[in-house]
Amino acid sequence: MTVDRSVFQALESAAANMAPTDPTSVPLRVHLAGLYLSAGEAEQALKHATAALAAAPHDTTALSVAAAAASATGNEQLADGYRAVHTALLSPETAQQRTPEAPPVQRPTESGGHQPPVPVLEPVAEPGGWDSSEPNLVTLADVAGMNDVKQRLQRSLLGPMQNPQLREAFGKQLRGGLMLWGPPGTGKTFIARALSGELGAKFFSATPADIYGSYFGQSEQNIARLFIEARLETPGVVFLDELDAIGGRRSRRNTDQARAVVNQLLVELDGMSSNDGVYVLAATNAPWDVDEALRRPGRFDRTVLVLPPDAPAREALLRLQFNGRPIAPDIDVTALVRGTEMFSGADLVRLVEAATERALERSMQVGLVSPVTNADFQAALRDTPPSTRAWLSTAATYLAHAGTGEDFDELRAYLRTHKIG
Ligand SMILES: Nc1ncnc2c1ncn2[C@@H]1O[C@H](COP(=O)(O)OP(=O)(O)OP(=O)(O)O)[C@@H](O)[C@H]1O
Ligand SMILES: [Mg+2]
């Protein structure tokens, strides 16, 4: 991991110029701690995290960095203490006891045996409120069809991850993240959730809205925090949804903020080998807009193309949507599957909704439940063209200038089969 030393020096001197008790110094100190942590300099990270906590003892971000730093120095007892306070601050019960009179949080000591404190919650600064959830109950079995995608995920991620010996042997190759890409609505986000379910991992999902903040330095700090929190709860999956918007080309965005976010992401990805147990996934429908630096080896160099669902997947998806709806028993599912080539999962959901609406309208006219018929589906099909077409044409234009590669060749074959481009 290499970070320009001058960055550390600049931040160090900025921090040194602030009063130790100044709460506005906290974001800076936390940021510095996170950078040192990513650089593998645990003692320095701990020093700055502790300084941040001195200024703001209830700052959950400072606590999470402090825990990660303490753990990195090998002081698990201290790390556990910080984690306990962090957990207490975030628990719903304590969140209800927002009382300004509550005693300040005790700083955990080496003895680690103190009572859980009654913390005072500070208002949570949004964004940064990403969705972190327990291991997903969705697994790959819930993803209809997509056998090719599943096989590739099995080969490139799940197999090695679930087999420690393989992981050791292939450790180097497993560094970095995996990027799912393809047309909108094809289930990329859904698959990412399913993967975390497969791994039994906690899922930290961030969208551009979670990352981009309005004050200076907030966005890259949000990235650092996201990774810090994931490292605290391994195994964990960090999922960056809409990577093109989070890590868009610095040349194109040309804003300091976008540049800083990409740089911070590079720092985190390059530091990945040190945080075994954190897997990084991303999804995008505009891979050509993702900054090139993020695509280099060791970063998002493994990619999986997620195309519109094949016939078995469409059938499974349609049947799933039929559940709980008054669908006529003589519905010709085979014809529907045939008529929905290139439909994304989201398109299929819309199609069934549109057909159901027609039946509902009729039912209201006659005052009786009139089930959804083949004719309703035919009419809905006429009104609901697949949304993937525009994307596929754009992709064809891009491919005209792109090189070869497993994903590209797969997409080329798909475009050829569907006579696009
Ligand atoms: N193979 C599938 N099996 C089950 N559900 C699916 C499948 N593909 C898509 N879906 C469903 O379709 C909807 C859209 O999927 P999702 O949001 O994951 O698409 P996406 O590829 O992330 O789209 P975007 O690029 O617009 O973010 C979801 O509600 C998901 O449950
Ligand atoms: Mg998505």
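The values are calculated or read from the model by the stated rules, or taken from the named source; none is laboratory data. Model, not experiment: these values are computed from the prediction. Backbone-built Cβ (ideal geometry, glycine too); neighbour counts: all protein chains shown.
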Can you find a residue in the stretch 218-234 that is under 26 Å from Ala395 (Cα atoms) and modelled with pLDDT under 90? no
Filter the stretch 16-41 down to the residues that are at pLDDT 85 or above and aliphatic (A, V, I, L, M) and list them by number. Ala16, Met18, Ala19, Val26, Leu28, Val30, Leu32, Ala33
Residues of the stretch 312-350 satisfying the condition of being over 25 Å from the mean Cα position of the chain (by Cα), polar (S, T, N, Q) and not in a helix (DSSP H, G or I): Asn323, Thr340
Would you list the helices (runs of 4 or more DSSP H) that sit entirely within the stretch 139-191 and hold 1 or more residues that are over 23 Å from Phe204 (Cα atoms), modelled with pLDDT under 90 and more than 16 Å from ligand 1 (Cβ to nearest atom)? 164-169
Looking only at the stretch 362-401, which residues are loosely packed, with under 15 Cβ neighbours inside 10 Å, within 34 Å of the chain's Cα centre (by Cα) and assigned to a loop (DSSP other than H, G, I, E, B)? Pro385, Ala400, His401
If I go through the stretch 290-311 residue by residue, how many of them are in contact (Cβ under 8 Å) with a residue 12 or more places away in the chain, outside any helix (DSSP H, G or I) and of a type in the set (D, E, K, R)? 5
If I filter the stretch 193-233 down to residues being under 14 Å from Leu137 (Cβ atoms) and part of a helix (DSSP H, G or I), which single residue comes out as nearest to ligand 2 (Cβ to nearest atom)? Arg193
